[in-house]
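Okay, structure first, notes after.
Nothing in this text is a laboratory measurement; each read-out follows from the coordinates by a stated rule. In this text the structure is predicted, and so the values were computed from the model without any measurement. Neighbour counts run over all protein chains shown; Cβ positions are idealised from the backbone, glycine included.
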Amino acid sequence: EPEVTQTPSHQVTQMGQEVILRCVPISNHLYFYWYRQILGQKVEFLVSFYNNEISEKSEIFDDQFSVERPDGSNFTLKIRSTKLEDSAMYFCASSSRGAWVDEQFFGPGTRLTVL
Amino acid sequence: GIQVEQSPPDLILQEGANSTLRCNFSDSVNNLQWFHQNPWGQLINLFYIPSGTKQNGRLSATTVATERYSLLYISSSQTTDSGVYFCAVDMRFGAGTRLTVKP
């Protein structure tokens, strides 16, 4: 069964460093998403992406975040200058149609630890 | 934005018991999903259910969109059902229900 994959599974970084989290969505899906979950808290929407553009973003997704689809298979989340409060599990998801009309499938997550 | 509230926040059951988890939302819904977050943190899709009723084995779900709620039923619970159950409405997650099933 097709699935969303994410790498790395765990990333440790120093405060102020840049990190790139990688995702490979399900191959025929066109809509991509990033969410985060701070330990013990609920899952929070960050951004949705379609046709090489951001289609929606939350207030969390500020200028330190960016997303990119650098090739036909990968979808990345970059955090430019990490802060301690960026420590969280980051989930990538994809759907074949838009978020408003279709089921999203989630990857296993990348646990980001900022020291 | 849409508000999503789940109840109860915590639930402890004996193996074999049945349970009902509730998700209330504040506005009309386009997309509603139920997930189980396992002890390893993975979000497992349970149901995509913006309206109607679905069943999958011991689990079933009902969404009454006009009354702005969804219910997840777990019957004959097993210890492997333990974890956090999330309802997500139009990309907004509730705070979850933490289910503990004791042997």
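Stretching the chain fully between B:SER51 and B:LYS102 yields a gain of 15.2 nm (0.36 nm per residue, less the alpha carbon separation).
A full extension of the chain between B:THR20 and B:ILE44 corresponds to an added length of 6.8 nm, given 0.36 nm per residue minus the alpha carbon distance.
Counting only C-alpha contacts under 8 Å and six or more residues apart, can you give the relative contact order of chain B as a whole percent? Intermediate values should be presented prior to the final figure.
Numbers: 267 pairs, mean separation 39.8, N = 103.
39 percent.
Computing FRET efficiency as 1/(1 + (r/R0)^6) for A:SER81 and A:GLU53, where r is the C-beta to C-beta distance and R0 is 22 Å, gives about 0.40. Per residue, the average separation of C-alpha pairs within less than 8 Å and at least 6 apart gives chain A a relative contact order of 38 percent. Site pair A:MET15 and B:THR80 shows an inter-label distance of 4.3 nm when each label is modelled 7 Å from Cα along Cα→Cβ.
Rank-order B:93-101, A:16-24, B:66-74 by packing density, defined as the average count of other C-beta atoms within 10 Å over each peptide's residues, highest first. Could you put the intermediate results ahead of the total?
Details: B:93-101: 19.2, A:16-24: 16.0, B:66-74: 17.6.
Ranking, from highest mean packing down: B:93-101, B:66-74, A:16-24.
Extension gain, A:THR5 to A:LEU39: 0.36 nm times the residue separation minus the Cα-Cα distance gives 10.2 nm.
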